[in-house]
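Visitor: Mind looking over this structure? Questions follow.
The values are calculated or read from the model by the stated rules, or taken from the named source; none is laboratory data. Here the structure is a predicted model, which is why all the values come from computation and not from measurement. Because the Cβ atoms are built from the backbone with ideal geometry, glycine has one as well, and the counts that use them run over all protein chains shown.
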C-alpha cells in the first residue's frame, strides 16, 4: 500500500523583528522543510494586542490553523501563547521561556543558560543559527569577525588589534576578510584600519548586506571571532570553519555568554582560544559538525509529528 500523502505542515512564526531571532525562526522552518512539506505564515508580535496578546482577526481570519507555532524573543511569548490558546497547535519557543516551561510544548534552551531538566526542555549548544555546514571551504580564505562592548564584555583595542596583526602575519598565505560591528568602538576600528597587511581586506559593517557573514563563513577555511558574540561563534562553527576565539575583557566572567564561550573552547572542543593558538595549538575544524537547527527540527517532528514523511 502506498504511503498516505499528508497536507503540508502549517507553521505560524511569531517574531519580534530582531535579526538574530528572525534568523533562528528561519533556520528552524528551513530545517523542518528539509524533511517534510511546510507552509509558513509569519506574524509580527508588534501587531498583537498588548494586553491579551491576540492578533487582529483581519490578520488571522484567512490563515489555516497552525499545526506548529514557533517563536523567538521574550516579547513573542505572550502572543504565541495566545495563538495556541485560540487556534491550537504545538508551541515551540527558542531560548529561555519567560513563563514556566510547561506553558510551552517544547523549549529549545541554550545549555549555557543552565536550564533545569524538564520534559519540555531541550538544551542546545549555543544559539540556533541560519547557517548550514559547508563542504566548500577554502583553506586560502579566512574571515575575522570583530564585535564590541556589551553587557558581558569590554573591548581592549590594543589587545585585539595586536591579535589581528599576529594572525594575518602568521597565516600570511591566507586572504583575510575582516568586518566590525555596530558595537565596535571607534578606537578599535581605527587601530584595525591602520593595519598594513597585503593579505587583509576590511569591509565596514555598513557595506555588508544581509547574509554577508554567512556567505563568508561557508567559503572560508578558517575564522576568528571575538568572544562577545555567541551568534557569530555559532555561525562559524556550524559552517564548519576552523574557528578561533579572540579574547575580550569580561564584565561578567561567570555570566551566560562567558559560559558559552568556555563551553565551546572547553568541553565541546568546537573552537580554539587565541592564547592556545599562540602557544602552538592547531586551529582545527570541529570533529563533529554542529547543526542545531537541523537537529532541533528533527526533534520537533519526532516528538509531535512522527507520522510525517521524511525527505532527509
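Visitor: Output the residues belonging to region 87-103 that are under 10 Å from residue 68 (Cα atoms), without any contact (Cβ under 8 Å) to a residue 40 or more places away in the chain and either in a loop (DSSP other than H, G, I, E, B) or out of contact with any strand residue (DSSP E or B) (no Cβ under 6 Å at 6 or more places or on another chain) (or both). First the steps, then the outcome.
Guide: Taking region 87-103 first, the residues under 10 Å from residue 68 (Cα atoms) are 88-92.
Next, from what is left, pick out any that are without any contact (Cβ under 8 Å) to a residue 40 or more places away in the chain: 88, 91.
Across region 87-103, the qualifying residue is only 88.
Visitor: Tell me which residues, restricted to region 57-74, are surrounded by fewer than 18 Cβ atoms within 10 Å (Cβ to Cβ) and touching a helix residue (DSSP H, G or I) at 6+ places or on another chain (Cβ under 7 Å).
Guide: 59, 65, listed by residue number.
Visitor: Tell me, which residue of region 105-117 that is part of a loop (DSSP other than H, G, I, E, B) and either touching a strand residue (DSSP E or B) at 6+ places or on another chain (Cβ under 8 Å) or in the same structural domain as residue 267 (by TED's automatic domain parsing) (or both) is nearest to residue 228 (Cα to Cα)? Reasoning before the result, please.
Guide: Step one: of region 105-117, the residues part of a loop (DSSP other than H, G, I, E, B) are 105, 114-117.
Filter again for either touching a strand residue (DSSP E or B) at 6+ places or on another chain (Cβ under 8 Å) or in the same structural domain as residue 267 (by TED's automatic domain parsing) (or both), leaving 105, 115.
Values: 105: 31, 115: 21 Å.
Per the criteria, the residue is 115.
Visitor: Within the group 211, 126, which residue is surrounded by 12 or more Cβ atoms within 10 Å (Cβ to Cβ), at positive phi and at pLDDT below 95? It would help to see each step written out before you state the result.
Guide: Details: 211 fails: surrounded by 12 or more Cβ atoms within 10 Å (Cβ to Cβ).
Just a single option satisfies the conditions, and that option is 126.
Visitor: Check whether at least one residue in region 169-177 is over 16 Å from the mean Cα position of the chain (by Cα) and in a helix (DSSP H, G or I), and report yes or no. Before you say what the answer is, go through the steps one by one.
Guide: As a first pass, look at region 169-177 and keep what is over 16 Å from the mean Cα position of the chain (by Cα): 169-177.
The next check asks that each one be in a helix (DSSP H, G or I); those that pass are 169-170.
Taking every residue of region 169-177 in turn, at least one turns out to be over 16 Å from the mean Cα position of the chain (by Cα) and in a helix (DSSP H, G or I).
Visitor: Which condition from (1) within 17 Å of residue 277 (Cα to Cα); (2) touching a helix residue (DSSP H, G or I) at 6+ places or on another chain (Cβ under 9 Å); (3) in contact (Cβ under 8 Å) with a residue 40 or more places away in the chain is the one that residue 218 breaks?
Guide: Among (1) within 17 Å of residue 277 (Cα to Cα); (2) touching a helix residue (DSSP H, G or I) at 6+ places or on another chain (Cβ under 9 Å); (3) in contact (Cβ under 8 Å) with a residue 40 or more places away in the chain, residue 218 violates only (1).
Visitor: One residue is enough: does region 46-55 have a residue meeting the conditions part of a helix (DSSP H, G or I), within 24 Å of the chain's Cα centre (by Cα), touching a residue at least 12 places away in the same chain (Cβ under 8 Å) and within 19 Å of residue 15 (Cβ to Cβ)? It would help to see each step written out before you state the result.
Guide: Quick first cut of region 46-55, residues part of a helix (DSSP H, G or I) only: 46-47.
Cutting the leftovers down to within 24 Å of the chain's Cα centre (by Cα) gives us 46.
Subset that is touching a residue at least 12 places away in the same chain (Cβ under 8 Å): 46.
Subsequent filtering for residues that are within 19 Å of residue 15 (Cβ to Cβ) retains 46.
Yes, region 46-55 contains at least one residue that is part of a helix (DSSP H, G or I), within 24 Å of the chain's Cα centre (by Cα), touching a residue at least 12 places away in the same chain (Cβ under 8 Å) and within 19 Å of residue 15 (Cβ to Cβ).
Visitor: Can I ask one more? Can you find a residue that is surrounded by fewer than 21 Cβ atoms within 10 Å (Cβ to Cβ), at pLDDT 95 or above and either more than 14 Å from the chain's Cα centre (by Cα) or farther than 30 Å from residue 67 by Cα (or both) anywhere in region 219-238?
Guide: Yes.
Visitor: What is the one condition in (1) in contact with a helix residue (DSSP H, G or I) (Cβ under 6 Å, 6 or more places away or on another chain); (2) in a helix (DSSP H, G or I) that residue 197 does not satisfy?
Guide: Of (1) in contact with a helix residue (DSSP H, G or I) (Cβ under 6 Å, 6 or more places away or on another chain); (2) in a helix (DSSP H, G or I), only one is false for residue 197: (2).
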